[in-house]
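Trainee: Dumping the structure here so I can ask a few things about it.
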Amino acid sequence: MTPLNTSDPALQRLRDMLDALDALDDRHQARMAMLDSVAVAEQRLRDELHRGQTPSDAGFWARLRTRWSPPPTPHASELTERHEAMVRAVRGLSFHLVALEGAVDTVVNDKAEVLSLAFPTGSEPSATQQTLTDRAMALSDLLQAEHEVLSIRHEGLVELHTAAHDVAHALSRQALQHHLAGPRTVRSPALDGVVRAAIERAAELHHRVDTLESRMRQLDAEARERRVAKDEVEAWLRPGTSDA
Amino acid sequence: MPDAPSTPHIAALCAALPALRLNHSFPPWRPIQAHLAALQLPVPGHPLIQAPDTAWPHPDAWLRVRVDGALADELLPVLRPLAAGGDARAKARVAYLEAIRTVVPLEEAVWQVRLIGHDTTHLRVEITLDQHILAAPILRRTTLRIATVQGGPITEQGHTLVLDPELERRIAEAAAAPARGVLRLSEWGEVESLTVGEVGPARNGLRGPWLSAVLTRVSESLDRTWVDDALLDSASGDALVELPRPDRPERLSRQRKWAVPRADVSAVRGWLAQRGSRNLHYTYRLPRDTP
């Protein structure tokens with residue numbers, strides 16, 4: 001059992017690399033947390049889009065059809081409230097999309113960073129070096145997968161956001177028409193049609209976004225594996241521990 | 001495409017509000033002014049636009065103040081790390097959200113019920129409903145004076161008077177069509193008066209916006225029905241404002257008033273004369289940098 005030499009430059013390089021990998025991993029975790037927040041905003045938008053429809057025990061496609069079947073045009077008294085809730089959901093997602101775009105940019109930078117890491121060579125323990133190298137390789141793969149998922153998710157959400165924006169606009173027109181005309185409002189079939197068409201378009205996009213969810217679960221599992229590898233390396237380098 | 005109002009334009013509307021000399025029949029103007037002032041905050045990606053054919057900000061802009069203020073606490077933790085990392089778009093949004101979260105937006109509806117008299121059989125109450133329907137936008141106060149039987153649609157719960165939900169619904173609806181509203185409300189008691197005070201919209205003037213407010217009153221105590229609203233077409237004004245039925249004892253009064261820049265006084269006089277209107281007009285001083 002030989003104590004670790006803390007002044008060894010090779011070991012310092014090892015620690016620098018470990019710190020870099022930790023920072024990259026932390027940023028990955030932060031993006032995952034941001035993605036959770038995006039999912040909440042997306043769910044709120046979905047809930048708003050299929051407001052008033054009760055969930056059923058039917059199969060996926062039947063459920064999807066039910067979920068996205070054109071809802072009855074809301075009563076005039078709830079138009080304003082529904083419009084505002086829709087605007088809130090759309091605005092919430094639009095801010096999250098900006099965050100998602102920022103995340104895509106950072107993951108591109110992180111991919112470049114992990115590839116540029118200088119792998120230490122020399123007298124450091126081979127098991128630690130191997131673990132670090134494995135971790136860096138795994139992180140590179142993870143960031144590549146993350147980049148792909150974030151990009152595709154962003155693309156899907158942009159379309160969903162655009163469709164939901166159309167719904168909000170149509171609801172705005174309905175609310176405006178109602179309030180300008182007062183109680184003498186006559187239901188406008190054309191406006192109702194605009195709302196229905198916008199919601200149906202959102203339905204298609206919703207399904208496309210759904211297909212990404214299993215991919216995200218896989219990504220989460222991989223992230224957990226990376227965490228285990230990190231803990232293993234930390235155990236090696238913890239002060240007071242010794243090399244085997 | 002409506003013209004984009006500049007920040008000085010919004011500042012001018014803020015200056016015009018107090019000049020309208022709004023009394024208690026209108027919604028309080030200070031919260032409206034604070035909400036309007038918040039429209040001066042630049043919203044990243046969303047230039048401020050006007051409602052078509054008016055000098056009034058677009059309904060989406062009014063609504064954004066309330067919506068974004070409510071979202072700020074949720075969004076800031078997501079955007080701050082990106083902003084700290086140097087992301088310019090996130091930085092702009094963080095600055096906006098931090099500013100908008102400090103604004104107290106207009107509430108959608110505020111009810112007040114005040115007991116003004118009672119005997120063994122009846123309650124006399126004054127009910128006010130402030131509505132800020134930003135999707136329109138409609139900024140109005142509805143004041144109903146009504147006498148109802150004890151134990152009727154208005155009940156006492158401790159020190160609070162509670163309205164039957166159906167009565168609330170009818171009061172809210174009455175604001176849009178006061179004459180018919182009084183008719184429907186009279187099923188619930190003896191209506192003394194129904195007053196609706198509405199702020200806006202604004203027109204584009206020569207040197208600044210002309211802000212208006214309109215007061216509609218329906219009561220048996222009025223001598224005659226009288227509508228003078230320069231924003232209604234004088235030829236068909238009566239058709240746009242629903243008047244009390246001839247067999248009813250109520251009369252309706254509807255008057256609009258204006259706040260215009262001092263330099264636009266002769267212009268507004270000419271315009272009102274052209275419209276056959278004698279609407280009151282007050283003046284306000286334009287903020288220094290208004291074009």
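Trainee: Explain nothing, just the number: relative contact order of the stretch B:242-291, from Cα pairs under 8 Å at least 6 residues apart, as a whole percent. Walk me through the intermediate numbers first.
Mentor: Numbers: 36 pairs, mean separation 19.4, N = 50.
Dividing the mean separation by the residue count of the stretch B:242-291 yields 39 percent.
Trainee: Given a Förster distance of 51 angstrom, what is the FRET efficiency for B:GLU156 paired with A:ASP134, based on the Cβ-Cβ distance and rounded to 0.05?
Mentor: Taking R0 as 51 Å, the efficiency between B:GLU156 and A:ASP134 is 0.10.
Trainee: Something else now. Out of residues 5 or more away from B:GLY205 or on other chains, whose amide H comes under 5 Å of its own, with H placed 1.01 Å from N in the peptide plane?
Mentor: B:TRP210
Trainee: With the contact rule set at Cα under 8 Å and sequence spacing of 6 or more, what percent relative contact order holds for the stretch B:115-177? Don't skip to the answer; put the middle values down first.
Mentor: Details: 75 pairs, mean separation 16.0, N = 63.
That works out to 25 percent.
Trainee: I would also like to ask the following. Would you mind ranking B:TYR284, B:TYR96 by Cβ crowding within 10 Å, fewest neighbours first? Mind dumping the intermediate values first?
Mentor: On the way: B:TYR284 23, B:TYR96 20.
With the sparsest Cβ surroundings first, the list reads B:TYR96, B:TYR284.
Trainee: Could you work out the relative contact order of chain B? I mean the mean sequence separation of Cα pairs under 8 Å and 6+ apart, divided by the number of residues, in percent.
Mentor: Working: 569 pairs, mean separation 53.5, N = 291.
Once normalised by length, the contact order is 18 percent.
Trainee: Calculate the length of the line joining the C-alpha centroid of the stretch A:77-108 to that of the stretch B:92-117, in whole Å.
Mentor: Centre-to-centre (Cα) distance: 21 Å.
Trainee: Round to the nearest 0.05 the FRET efficiency obtained for A:GLU148 and B:GLN40 when R0 = 51 Å and r is the Cβ-Cβ distance.
Mentor: 0.75
Trainee: Once every DSSP H run of n ≥ 4 in chain B is given -39500 (n - 2.57) and the sum is divided by its residues, what mean residue ellipticity at 222 nm do you get, rounded to the nearest 500 deg cm²/dmol?
Mentor: -10000 deg cm²/dmol, from helical runs alone.
Trainee: What shape does the stretch B:175-236 take by its C-alpha gyration tensor, where a ≥ b ≥ c are the square roots of the eigenvalues and a/c under 1.5 counts as rounded, a/b above b/c as prolate, and the rest as oblate?
Mentor: prolate
Trainee: Using a Gaussian network model of chain B whose springs link C-alpha atoms within less than 10 Å, name the residue from B:GLY276, B:GLY117, B:GLY158 with the highest mean-square fluctuation.
Mentor: In this elastic network of chain B, the residue with the biggest mean-square fluctuation among B:GLY276, B:GLY117, B:GLY158 is B:GLY158.
Trainee: OK, next. How crowded by other chains is B:73-80, given as the mean number of beta carbons from other chains within 10 Å of each beta carbon?
Mentor: Details: counts 0, 7, 9, 1, 3, 14, 6, 1.
Taking the mean over all residues of the peptide, I get 5.
Trainee: Anyone know which of B:ARG89, B:ARG140, B:ARG180 comes out most mobile in the 10 Å Cα GNM of chain B?
Mentor: Evaluated over chain B, the most mobile residue of the options is B:ARG89.
Trainee: Between the stretch B:26-85 and the stretch B:142-219, how far is it from one alpha carbon centroid to the other, in angstrom?
Mentor: First find each Cα centre; the distance between them is then 28 Å.
Trainee: Name the most mobile residue of B:ASP68, B:ASP164, B:ASP264, meaning the one with the largest mean-square fluctuation, in a Gaussian network model of chain B with Cα contacts below 10 Å.
Mentor: With Cα springs under 10 Å in chain B, the top fluctuation among B:ASP68, B:ASP164, B:ASP264 is at B:ASP164.
Trainee: Let me ask something else. If you take the square roots of the eigenvalues of the alpha-carbon gyration tensor of chain B and sort them as a ≥ b ≥ c, do you get rounded (a/c under 1.5), prolate (a/b over b/c) or oblate?
Mentor: Here chain B falls in the oblate category.
Bear in mind that the values in this text are calculations on the coordinates, not laboratory data. Because the structure is predicted, anything quoted here is derived from the model rather than measured. All Cβ positions, even for glycine, are placed from backbone atoms using ideal geometry, and neighbour counts span all protein chains on display.
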